[in-house]
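Here is the structure we will look at.
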Amino acid sequence: MKVFVMASSVLGASVTLLGCGAGSGGSTTLAPGVSTVIPTTVTQTTSRTGPPDHPVNPMCPNKGKANLESTESSGGPIPPWTPTGPTEGAGKWCAIQGPPADWNLKNFCPKSNGGAGHRIKVLTYNLQWWKNYQQYPKVHGDTINPAIGANIVKYDKIEPFDIMGMQECEIMSKVIDSAKTQGLQGNWVTKEYWNQKYDGSSVDIGIAYKSDTFDYINYGQGFVAEDAPPGVNYYGKRAAQWLRLKHKASGQFVFALNHHGPTAVGAGGVCGGKGTAYQLLKMIAENAQVGDQIFMVGDFNAPSIQEIPQPTGGSRWQYTEEIGTLACHIPHIYTVSNIQTVWGIDNFFANCATAVTKTQMGKGGSDHWALSVLYEFGGAKAGEITV
């Protein structure tokens, strides 16, 4: 994450904001068109969580009714969308059309078998790798800052984690090993996506699952966006990675995706916010199955909400383009949105599970707060989905 300064006409002062690039230092600015309106209420405090006051989502004003055919069975492919609307990023490698308004991942949920609820705890954490590994405890130190692991363990003791997604993280196994020496519970398997060079590249993401909780099924990764050139905000293409697992206690299948989004903050990359959102949804659609509990986390480098002045006076909070577009097709579960978090660039989405607790953790040496959500869901009956 980088630091940038922006003048606010509302408060009449210079305000320092934070935004994420790759892991090698530099500067970042907000993309043109991102609101600079700064609220004068308690929303500036770091304790304010979630989209305040049920923000309007202008990206899907006319929500379609679910129309999934009841002949679809759990374990089969998610029905693909029929591409509709204009092409986002026309002429670019990431050019894509979106799905119809009624295509929503919550339509492909398993039905509960009526048994006891099961829980999964999920973490997202941007580690600011250059500071907490490459330059810790000194330049070229190449040692993981133990404060990162301590932050994880503190909240793991309250309720154990099951899945972790990390950004600006080149060697996730080092993070897990450090946390385990400090008391992290369970046996963990990591999947890392980086270029095998300590250069703070644009990829650098890692996902981990607890093998005590899950059986492994499959893993994949790929590019979904690219930083908007030119200038200091350009690091390259941006990726997402996913895991498909089977929850041992319930027999439920789980699909987890981790992503670090393109810069400049709020630009959505060369194919725009909608293009990035559609690429993420397409990755899920092509690799998850009907009946999967789907969890998506990441530092999206896209503010979740912003305060928009209204012509008649006052203002209203509403979703921004990328996060709002995603929220039209998979429920948006959690962010922490205030000036210090660039209006919520770290986010959680889930199609079926219910959030029991949402927690803003500490920073542990990073410039991001780690966030976690404890989810609850029922077991699954084979061949059943919610329509």
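The values are calculated or read from the model by the stated rules, or taken from the named source; none is laboratory data. Note that the structure is predicted; figures quoted are calculated from it, not measured. Cβ placement follows ideal geometry from the backbone for every residue including glycine, while neighbour counts extend to all protein chains displayed.
When Ala264, Ala302, Ala285 are checked against the criterion of being at pLDDT below 95 and under 25 Å from Gly85 (Cβ atoms), Ala264 stands alone in meeting it. Scanning region 80-102 for residues being part of a loop (DSSP other than H, G, I, E, B) and within 23 Å of the chain's Cα centre (by Cα) gives a total of 10. Of the residues that make up region 356-379, is at least one at pLDDT 85 or above, charged (D, E, K, R), more than 30 Å from Glu88 (Cα to Cα) and in a loop (DSSP other than H, G, I, E, B)? Yes, the conditions are met somewhere in region 356-379. Only a single criterion out of (1) of a type in the set (S, T, N, Q); (2) surrounded by 20 or more Cβ atoms within 10 Å (Cβ to Cβ); (3) out of contact with any Gly (no Cβ under 7 Å at 6 or more places or on another chain) is not satisfied by Asn258, namely (3).
Please verify whether region 204-215 includes one or more residues that are surrounded by fewer than 24 Cβ atoms within 10 Å (Cβ to Cβ), among the β-branched types (Val, Ile, Thr), modelled with pLDDT of 95 or more and in a loop (DSSP other than H, G, I, E, B). Yes, the conditions are met somewhere in region 204-215.
Could you tell me which residue of region 295-318 is farthest from Lys246 (Cα to Cα), considering only residues that are under 15 Å from the mean Cα position of the chain (by Cα) and among the aromatic types (Phe, Trp, Tyr)? If we take residues in region 295-318 being under 15 Å from the mean Cα position of the chain (by Cα) and among the aromatic types (Phe, Trp, Tyr), then Phe300 is farthest from Lys246 (Cα to Cα).
Residues of region 329-383 that are crowded, with 21+ Cβ neighbours inside 10 Å, in contact with a Leu (Cβ under 9 Å, 6 or more places away or on another chain) and hydroxyl-bearing (Ser, Thr, Tyr): Tyr334, Thr335, Thr341, Ser366, Ser372. Look at (1) of a type in the set (A, V, I, L, M, F, W, C); (2) in a loop (DSSP other than H, G, I, E, B); (3) crowded, with 24+ Cβ neighbours inside 10 Å and you find that Val270 fails only one, number (3). Tyr278 fulfils the conditions (1) in a helix (DSSP H, G or I); (2) over 19 Å from Glu321 (Cα atoms) except for a single criterion, (2).
Residue by residue, here is whether (1) over 28 Å from Lys363 (Cα atoms); (2) in contact with a strand residue (DSSP E or B) (Cβ under 6 Å, 6 or more places away or on another chain); (3) among the β-branched types (Val, Ile, Thr) holds:
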position	(1), (2), (3)
Ala277	no, no, no
Glu286	yes, no, no
Ile294	no, yes, yes
Pro303	no, no, no
Pro309	yes, yes, no
Val342	no, yes, yes
Asp346	no, yes, no
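Restricting attention to region 292-303, does a residue exist that is within 25 Å of Lys191 (Cα to Cα) and either among the polar types (S, T, N, Q) or surrounded by fewer than 24 Cβ atoms within 10 Å (Cβ to Cβ) (or both)? Yes, some residue in region 292-303 is within 25 Å of Lys191 (Cα to Cα) and either among the polar types (S, T, N, Q) or surrounded by fewer than 24 Cβ atoms within 10 Å (Cβ to Cβ) (or both). Residues satisfying the criterion are present in region 317-324 (criterion: touching a residue at least 60 places away in the same chain (Cβ under 8 Å), surrounded by fewer than 22 Cβ atoms within 10 Å (Cβ to Cβ) and more than 27 Å from Gln128 (Cβ to Cβ)). For region 219-239, the set of residues classified as assigned to a loop (DSSP other than H, G, I, E, B) and either on the phi > 0 side of the Ramachandran plot or acidic (Asp, Glu) (or both) consists of Asp227, Gly231, Gly236, listed by residue number.
When restricted to residues that are part of a loop (DSSP other than H, G, I, E, B) and closer than 24 Å to Glu376 by Cα, region 305-341 contains 7.
Count of region 79-106 residues, restricted to those that are touching a residue at least 60 places away in the same chain (Cβ under 8 Å), of a type in the set (Asp, Glu) and farther than 10 Å from Tyr278 by Cα, is 0. For the residues Lys248, Lys180, Lys191, Lys174, the requirement of being of a type in the set (D, E, K, R), touching a Ser or Thr at 6+ places or on another chain (Cβ under 8 Å) and at pLDDT 95 or above singles out Lys248.
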